[in-house]
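Let me begin by presenting the structure, written as structure tokens, before commenting on it.
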Amino acid sequence: MTNFRSPKLVKRYDYSYYDLDSPLDSTVENDATQKKENYTFSVDNTSETNPFDWYNAYLEINFKPVKLDDGTGIDAGANGGNQDGTTTNVEIECNGTSVYSNPTANETTNILKLLNYSKRYTDTVGKDQFFYPDTSGVTEAREFMADATNHTVRRRKNYNEGFSKRKSLTSDAANIVKFTLPLNSYSYFNAFKNNIHPNSEKINFTIENDNNMIHRKTAVGACKVILAKFRLWVPTLTFNGAGMEVYAENYLTPKPWSYLNEHYVKEDSELTESFRTIRDLRKSRHVFVWIISEGRYYDQENNSFTFDTFRRIGANGAKLSQAHLEINNNKHYPKIDLQYDNIARLYKTLLSYNSSYNNFLSGTIIDRTNYEKLHGILYFDLRNQEEDTKDSTVTLTFRYKLNEDPGSKYRLIFLILHEKEIELYISSGKLLLKA
């Protein structure tokens with residue numbers, strides 16, 4: 001299909017910005033936090049002659065972390081902002097109909113960035129998105145230390161490069177962090193990479209809990225994040241004559257297609273050997289599973305963006321030793337269980353999601369070391385299923401073993417990417433959408 005963004009078809013490609021329906025209030029009293037819900041943008045360009053390019057839209061976000069009790073700047077031991085953005089709930093409405101809802105957007109986008117971003121992309125474009133992945137699970141910002149015995153300088157074992165970089169941007173009381181968050185981080189907008197969205201939009205955001213945006217040392221007092229700017233930028237396509245013909249023939253017409261939507265599930269557990277069942281899912285294609293010990297959510301002294309799967313589940317420091325996935329309790333994926341004793345196989349399986357293992361040029365953020373220590377994610381590829389289940393509503397059962405009693409509660413977390421349909425249709429001469 002012809003690229004509708006080609007300069008041969010487009011005579012102007014201009015960004016316009018839209019502010020919130022209700023002005024942002026960045027004045028927050030001491031011991032209080034900024035409101036979290038109902039940040040809404042209404043964007044309605046009813047003229048379909050100059051459509052919006054929603055795939056390339058983005059949020060402009062400015063924020064500053066401060067102490068909760070007095071509003072002063074965070075001292076040197078703290079860090080404001082985790083390794084991904086600020087939104088946690090995204091609701092999209094088109095022509096009065098809800099077409100997308102993601103109540104855990106901050107976590108799902110983080111996982112997909114870990115899987116899809118290369119190291120080079122993270123070190124360049126990722127900085128514009130305030131994406132600085134952790135390199136250890138602790139709040140160690142000092143890279144080197146003096147060795148008095150040998151009169152040398154050595155690198156600290158637990159140095160956390162991501163924490164250090166985020167800290168350098170947030171610890172100055174006068175500094176406001178400025179970054180962008182591409183809307184195509186959310187699967188719905190990513191679905192319009194090769195399609196044009198009808199122009200009527202209402203997008204509602206809920207902002208992440210402060211305790212999940214701040215990772216600080218124990219000695220540092222409670223902190224909060226204050227948004228100073230929250231603005232939506234959307235590009236408009238102005239076609240030339242040839243472009244209007246291509247647009248009318250290929251894009252301004254009824255048609256269906258599908259995209260991979262996110263389904264996120266958290267399950268509490270205390271057992272050393274068990275299973276978890278997720279029901280009524282249709283067209284599941286990719287399943288990711290990881291484990292986090294209880295208490296690491298909504299706690300500024302902990303970081304829910306690093307995982308415990310292979311290192312320290314619960315108070316006793318258990319680890320996942322074996323797992324598989326079943327469809328309708330009779331189809332076993334993979335045929336041979338995933339086992340911690342073969343960590344190389346688990347790592348290679350995860351990277352097969354986007355063919356990173358055999359892509360010699362792109363590279364990946366997740367390497368063998370941080371996979372085992374920080375980003376322990378199991379991956380199940382369900383794209384090659386039997387025809388009688390591939391497009392049906394199914395039950396997924398995750399069966400697993402831990403190597404010992406964890407000693408306390410933990411959470412099993414599932415991210416399931418499943419196909420969801422989008423359909424453009426015409427009603428009263430107007431192009432509309434349902435999803």
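Charges were assigned to the Cβ only: +1 to each Lys and Arg, -1 to each Asp and Glu. The resulting dipole of the chain about its Cα centre is roughly 1200 debye. Select from LEU378, ILE366, HIS332 the residue farthest towards the positive end of the dipole of segment 328-379; place +1 on Cβ of Lys and Arg, -1 on Cβ of Asp and Glu, and compute about the Cα centre. Result: HIS332. Built from the Cα atoms of the chain, the convex hull projects on average onto 24.6 nm², one quarter of its surface area.
Packing, taken as the mean count of other beta carbons within 10 Å per residue, orders the peptides 412-424, 276-288 from highest to lowest as 412-424, 276-288.
The Rg/Rh ratio for segment 370-435 is 1.18, where Rg is the radius of gyration of the alpha carbons and Rh is the Kirkwood radius. Near the amide H of PHE130, within less than 5 Å, lie the amide hydrogens of THR180, all on another chain or at least 5 residues away, with H placed in the peptide plane. In segment 353-404, the C-alpha radius of gyration followed by the widest Cα-Cα span (Dmax) gives 15.6, 40 angstrom. Pairs of alpha carbons in segment 284-435 separated by more than 22 Å make up 51% of all such pairs. As a ratio to 2.2 N^0.38 Å, the alpha-carbon radius of gyration for segment 104-227 is 1.34. The magnitude of the dipole of segment 375-435, with charges of +1 and -1 set on the Cβ of Lys/Arg and Asp/Glu and taken from the Cα centre, is near 360 debye. In this rough spin-label picture, where each label sits 7 Å from Cα along the Cβ direction, the THR253-PHE144 distance is 6.4 nm. Accessible area per residue for the chain, computed on protein heavy atoms with a 1.4 Å probe, is 45 Å².
With one equal scatterer per alpha carbon and no solvent term, the Debye-computed log10 I(q)/I(0) for segment 305-390 at 0.11, 0.18, 0.22, 0.25 1/Å reads -0.36, -0.87, -1.11, -1.25. FRET efficiency for the pair GLU419 and LYS8, taken as 1/(1 + (r/R0)^6) with r the Cβ-Cβ distance and R0 = 25 Å, rounds to 0.15. When you restrict to C-alpha pairs under 8 Å that are six or more residues apart and normalise by the size of the chain, the relative contact order lands at 24 percent. The local environment of TYR188, defined by Cβ-Cβ distances under 15 Å, has a net charge of -4 under the rule Lys, Arg +1 and Asp, Glu -1. Per residue, the convex hull around the alpha carbon atoms of segment 216-339 comes to 224 Å³.
State whether segment 22-68 is rounded, prolate or oblate according to the following rule on the C-alpha gyration tensor (a ≥ b ≥ c being the square roots of its eigenvalues): a/c under 1.5 gives rounded; otherwise a/b larger than b/c gives prolate, and the remaining case gives oblate. Prolate, since a/c reaches 1.5 and a/b exceeds b/c.
Projecting the Cα positions of LEU433, PHE307, LEU417 onto the charge dipole of the chain (unit charges on Cβ atoms of Lys, Arg, Asp and Glu, taken about the Cα centre) puts PHE307 furthest along the positive direction. Dipole orientation for the chain: of the candidates ASN316, PHE144, ASN116, PHE144 has the Cα lying most toward the positive pole (charges on Cβ; Lys, Arg +1; Asp, Glu -1).
The values are calculated or read from the model by the stated rules, or taken from the named source; none is laboratory data. Quantities reported herein were computed from a predicted structural model and do not represent experimental measurements. Don't worry about glycine lacking a Cβ; one is built from the backbone with ideal geometry, like all the others, and counts go over all protein chains shown. These area figures cover heavy atoms from the full protein model, side chains too; ligands, DNA and RNA do not enter into them. Shrake-Rupley method; radii C 1.70, N 1.55, O 1.52, S 1.80 Å.
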